[in-house]
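This report concerns only the one structure given below.
The values are calculated or read from the model by the stated rules, or taken from the named source; none is laboratory data. Owing to the predicted nature of the structure, the values given are computational and were not obtained by experimental measurement. For neighbour counting, all protein chains shown are included, and Cβ atoms are generated from backbone atoms with ideal geometry for every residue, glycine included. Side chains are part of the model used for accessible areas, which takes the heavy atoms of the whole protein and leaves out ligands, DNA and RNA. Shrake-Rupley method; radii C 1.70, N 1.55, O 1.52, S 1.80 Å.
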Amino acid sequence: MSNEIPKVYSPDEAEKKWYKYWEDNGFFHSEPDDREPYTVVIPPPNVTGVLHMGHMLNNTIQDVLVRRARMLGKNACWVPGTDHASIATEAKVVAKLRENGIKKSDLSRDEFMKHAWDWTNEYGGTILKQLRKLGASCDWQRTRFTLEESLSEAVIDCFIHFYEKGLIYRGLRMVNWDPEAKTALSDEEVIHKEVSSKLYHVRYKIKDSDAYITIATTRPETILADTGVCVNPNDERYASLVGKTAIIPLVNREVPIIADEYVELEFGTGALKVTPAHDENDHMLGEKHGLEVIDILNDDATLNKKAEFYIGEDRFKARKLIVKDLEETGFLVKTEDIQNKVGYSERTNAVIEPRLSLQWFLKMPEVAKPALDNVMNDNVRFHPEKFKNSYRNWMENIQDWCISRQLWWGHRIPAWYYGNGEHDYVIARTEEEALSKAQKKSGKVEITVKQDEDALDTWFSSWLWPISVFDGFRNPDGKEINYYYPTNDLVTAPEIMFFWVARMIMAGYEFRGEKPFSNVYYHGIVRDKQRRKMSKSLGNSPDPIGLIEQYGADGTRVGMLFSSPAGNDLLFEEALCEQGRNFSNKIWNAFRFLSMNMEEGREYKPSLDLDPNFLPDLWMQSRLNRFILEMEQSFSQFRLSEALQKIYALVWDDFCDWYIELIKPDTPGSKIEPQRLERALGIFEQLMKLLHPFMPFITEEIWQRIQPRETNDALIITAWPEVKEAKVSDKIESHFALMQEFVSAVRNVRAENNLSPNTELELLIRTDNETAAESVKVVVALIKKLQKLSNVTIAGDFEKPAHSANIIIQGIEMFIPLSEHIDLDKEREKLEKEINRLEGFLKSINGKLSNEKFINNAPAAVVEKERKKQSDAKESLDKLRASLSDLGSGD
């Protein structure tokens, strides 16, 4: 090892050096072999996206899992890639064209697609480059894109598969329409938000009568499309009106008043305006009662000619105009302020319009069943398990999936039309195949075909991701798919459980007859201290790359994980990244200290052959092995934050603050004895292995500096520390904990009395318990090493020294004579405070033990434990009161 260790750790330098080293040596790359595979597929981010805090958390967790699996000797394969993101990418391309004075409508499909590919090639992949800075050990040679050729073929194969099974159909249905993206959306792409709205009460005149019927609506502009009024047949208020005709205000359209039990008696006015073209429930009523359908909205939610009024105006402007006109004409009865839920586009945030549209759908119940069954029986395990409830609820009530989108950027629907009839189409992979099928179906030779203009929902490709990235459609019996599938762990956010997770499980059972992954870990949403979701629009999200530049990748990763309890939303604070950086510095300084104790010219070999007569060695060994055992459990439960916090304490508290202090030479200026230093380095190497998945860069840097390494000895592929359960010793840890308590107590006495660490103190320890006395004797030498003491006396009984600090540790009394230094008033105050605390504690215990219900119902061991607490508290109180008496009244 070189003694030339820089005083300050440079994260930027180490990150660039070691990431290149890992990549150049192929440590991230995986090929099928005889090892057990560990496979993870990245949730593909949008191809033109940039790294945000959610990505940072998600990929940090994945990298921790992958790096540990690699060290466990598994063939770790982490497949990266990006999603073509139809709506988001097309919106960006359209906006860019608009800046250049070009309208999408002025371009042919091929011309637009060229612009879209140019945009993707220029801006795509940025996020994958940013993930490298985070330390993500993805197999970059396997990078996939959902719109690349083989993955596109898989999507078309999938469509044809379901069409031939009779599960894909084309129909005029009420869909969620995004007027900004000008496309249909699935139910899962609609976010329902509670908003402040107005409820307008509007009266409709009854034909040939002076009577009116009043309806209530939050969307008065749709009055122009009303074709009926509906009441409950059991509503006595309107019984005489059923079968009569109402006249729609402004347009003077005559519509029937119908009766249906769908209408709730208590809701609103009890009379419902029926608008079959612009409300899903109204559409069902309209079909049932044979009502006319009048669609008054254009694709962009402006009003068309069928509205007769406000033609060309945006729906919200039309709302204001019609309210004004209804008021002026006497039809507006009143307006109420209400709270209601409104659907918004998950992509554009535009208010959704229910709209009748001819779309392609996939029937879901049959496809969903195995995906529901295999999550509920834990064949696919959810972590945390609580998410199974919402999953089951959605799956049991699943609706057919609208899979067509009115977009060009995406996988074009393989439907080819040859006429104007409802069924004048064929499904084919190519135009040549389509022409042949159309000729056969129509019975005509002279015929032309035209492909459907629409693209498939982005999720229709994403749900195939665990299969398609291994070319499982092109080569279903191939070596790759059979080796890597099913994958092991999926790390994602619960908000895409229905978009993506559920559908991947469906696709897995449909196309492979097997689950796509064994575990799904749902991490929380990154929020600020006010519990708001971090986003650019709110300005509350730090730049992830900026965090890495300021705190280092390792420090940032630690900060993210520290704030991320398993499955819960995390309240991110930048201070946690600073804590991570400080931890890096602590590790580096510990390494520098060890290296500075090396003698020039001597070769040091890290060793785990610990000294059986040196308690700190045995203690550190026990702590290390206990942690390895606990870490196994933490990882199996995806409690990564908990695992990191434990190793943080193991390194910072146990190794740096206690172990290193105890191996320091007694003589100032001398170096640590070589064999003891080699044992310390051996322990330190184990700590670097355990830390590596969390903090890959600094651990590799230190690992490579400890001693010369061959390429195959790099830390990234070094074996994970073995669990040695037999070397976990409660007795050794108990002895060491006793020593720590004594040392901390002496330090506290010094601090409370402003005594220098160099002030020699005398320690008088009184106990008549032989076992306790022996335990103290075991650790006296260590106490004396860490505290400047003139003498330590252990006895069963002696006269209590006057004016001494009195501390009780595990029932053992310790006195420190302080007649030359003590502040008597402060000591009395401390004793009185402790007496008050113990009296309160004893009162609580006495209350519990005087409760017959507790005594009779609690397990005997629990009752006995409470009695032991009572006895110990009484004993401690007696001793403390005696000490207080010894100090006198202070008068």
For this session: For residues that are open to solvent by 20 Å² or more (accessible area, probe 1.4 Å) and assigned to a loop (DSSP other than H, G, I, E, B), tally how many sit in the stretch 24-43.
Result: 11
Exercise. Listed residues 620, 596, 631; which is open to solvent by 60 Å² or more (accessible area, probe 1.4 Å) and of a type outside the set (D, E, K, R)?
Worked result: 596
Exercise. Is it true that residue 233 is at negative phi, open to solvent by less than 30 Å² (accessible area, probe 1.4 Å) and touching a residue at least 24 places away in the same chain (Cβ under 8 Å)?
Worked result: no
Seminar exercise, completed: Among the residues of the stretch 833-891, the number that are free of Cβ contacts under 8 Å to residues at least 40 places away in the same chain and acidic (Asp, Glu) is 6
Exercise. Considering only helices (runs of 4 or more DSSP H) fully contained in the stretch 57-156, which possess at least 3 residues that are surrounded by 23 or more Cβ atoms within 10 Å (Cβ to Cβ)?
Worked result: 86-99
Problem set entry | Residues located in the stretch 206-230, provided they are over 52 Å from the mean Cα position of the chain (by Cα) and open to solvent by 20 Å² or more (accessible area, probe 1.4 Å) | 207, 208, 209, 210, 211, 212
Problem set entry | Residues (over 39 Å from the mean Cα position of the chain (by Cα) and open to solvent by less than 10 Å² (accessible area, probe 1.4 Å)) located in the stretch 662-712 | 662, 663, 672, 677
Problem set entry | Near pairs, Cβ below 8 angstrom, 6+ apart or cross-chain, from the stretch 18-46 (more than 19 Å from residue 719 (Cα to Cα)) to any residue that is among the charged types (D, E, K, R) and exposed (fewer than 15 other Cβ atoms within 10 Å of the Cβ) | 32/479
Problem set entry | Single match in 567, 555, 524, 559 (criterion: at pLDDT 95 or above, open to solvent by less than 10 Å² (accessible area, probe 1.4 Å) and closer than 24 Å to residue 695 by Cβ) | 555
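Does residue 48 qualify as being open to solvent by 10 Å² or more (accessible area, probe 1.4 Å) and of a type in the set (S, T, N, Q)? It would help to see each step written out before you state the result.
Working: open to solvent by 10 Å² or more (accessible area, probe 1.4 Å): yes; of a type in the set (S, T, N, Q): yes.
Against the criterion (open to solvent by 10 Å² or more (accessible area, probe 1.4 Å) and of a type in the set (S, T, N, Q)), residue 48 qualifies.
Of everything in the stretch 359-371 that's surrounded by 19 or more Cβ atoms within 10 Å (Cβ to Cβ) and modelled with pLDDT of 95 or more, which residue is farthest from residue 455 (Cα to Cα)?
Per the stated criteria, the residue is 371.
Picking from 648, 604, which residue would you name as being open to solvent by 10 Å² or more (accessible area, probe 1.4 Å), within 29 Å of the chain's Cα centre (by Cα) and among the hydroxyl-bearing types (Ser, Thr, Tyr)?
On the way: 604 fails: within 29 Å of the chain's Cα centre (by Cα).
Answer to the selection: 648.
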Seminar exercise, completed: Going through the stretch 427-472 in order, the residues found to be open to solvent by less than 40 Å² (accessible area, probe 1.4 Å) and part of a loop (DSSP other than H, G, I, E, B) are 428, 447, 449, 452, 454, 457, 458, 463, 464, 469, 470, 472
For this session: Mind checking which strands (runs of 3 or more DSSP E) fall wholly inside the stretch 283-401 and carry at least 1 residues that are within 20 Å of residue 250 (Cα to Cα)?
Result: 332-345
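For (1) at pLDDT 95 or above; (2) within 17 Å of residue 354 (Cα to Cα); (3) hydrophobic (A, V, I, L, M, F, W, C), each residue gets a yes or a no:
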{"position": "270", "(1), (2), (3)": "no, no, no"}
{"position": "275", "(1), (2), (3)": "yes, yes, no"}
{"position": "281", "(1), (2), (3)": "no, yes, no"}
{"position": "286", "(1), (2), (3)": "no, yes, no"}
{"position": "294", "(1), (2), (3)": "yes, yes, yes"}
{"position": "297", "(1), (2), (3)": "yes, yes, yes"}
{"position": "303", "(1), (2), (3)": "yes, yes, yes"}
{"position": "311", "(1), (2), (3)": "yes, no, yes"}
{"position": "314", "(1), (2), (3)": "yes, yes, no"}
Problem set entry | Checklist (1) surrounded by fewer than 18 Cβ atoms within 10 Å (Cβ to Cβ); (2) within 32 Å of the chain's Cα centre (by Cα); (3) of a type in the set (Phe, Trp, Tyr) applied to residue 169, failing item | (2)
Problem set entry | Candidates 320, 334, 341, 244 - the one that is more than 15 Å from residue 218 (Cβ to Cβ) and either free of Cβ contacts under 8 Å to residues at least 24 places away in the same chain or open to solvent by 30 Å² or more (accessible area, probe 1.4 Å) (or both) | 244
Seminar exercise, completed: When the stretch 571-589 is checked residue by residue, the ones that are open to solvent by less than 10 Å² (accessible area, probe 1.4 Å) and under 18 Å from residue 646 (Cβ atoms) are 580, 583, 584, 587
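Residues of the stretch 473-486 being touching a Lys or Arg at 6+ places or on another chain (Cβ under 9 Å) and buried (at least 20 other Cβ atoms within 10 Å of the Cβ), which ones? Before you say what the answer is, go through the steps one by one.
Within the stretch 473-486, the subset touching a Lys or Arg at 6+ places or on another chain (Cβ under 9 Å) is 476, 481, 485-486.
Correct list: 481, 485.
Over 23 Å from residue 548 (Cβ atoms) and of a type outside the set (Ser, Thr, Tyr): is that true of residue 72 in this structure?
Details: over 23 Å from residue 548 (Cβ atoms): yes; of a type outside the set (Ser, Thr, Tyr): yes.
When the stated conditions are applied, residue 72 passes them.
Name the single residue, out of those in the stretch 713-739 being open to solvent by 40 Å² or more (accessible area, probe 1.4 Å) and modelled with pLDDT of 95 or more, that is nearest to residue 818 (Cα to Cα).
Applying the first criterion (open to solvent by 40 Å² or more (accessible area, probe 1.4 Å)) to the stretch 713-739 yields 713, 717, 719, 722-727, 730-731, 734.
Cutting the leftovers down to modelled with pLDDT of 95 or more gives us 713, 717, 719.
Numbers: 713: 56, 717: 56, 719: 53 Å.
For the stretch 713-739, the residue satisfying everything is 719.
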Exercise. Residues 225, 181: which one is closer than 30 Å to residue 403 by Cβ and touching a helix residue (DSSP H, G or I) at 6+ places or on another chain (Cβ under 6 Å)?
Worked result: 181
For this session: Could you tell me whether the stretch 524-547 includes any residue that is touching a residue at least 60 places away in the same chain (Cβ under 8 Å), within 30 Å of residue 483 (Cα to Cα) and either assigned to a loop (DSSP other than H, G, I, E, B) or within 20 Å of the chain's Cα centre (by Cα) (or both)?
Result: no
For this session: Those residues that are over 42 Å from the mean Cα position of the chain (by Cα), in a loop (DSSP other than H, G, I, E, B) and not β-branched (Val, Ile, Thr), I need them from the stretch 267-282; list them, please.
Result: 270
Exercise. Would the stretch 844-860 turn up any residue that is at pLDDT 90 or above and under 27 Å from residue 743 (Cβ atoms)?
Worked result: no
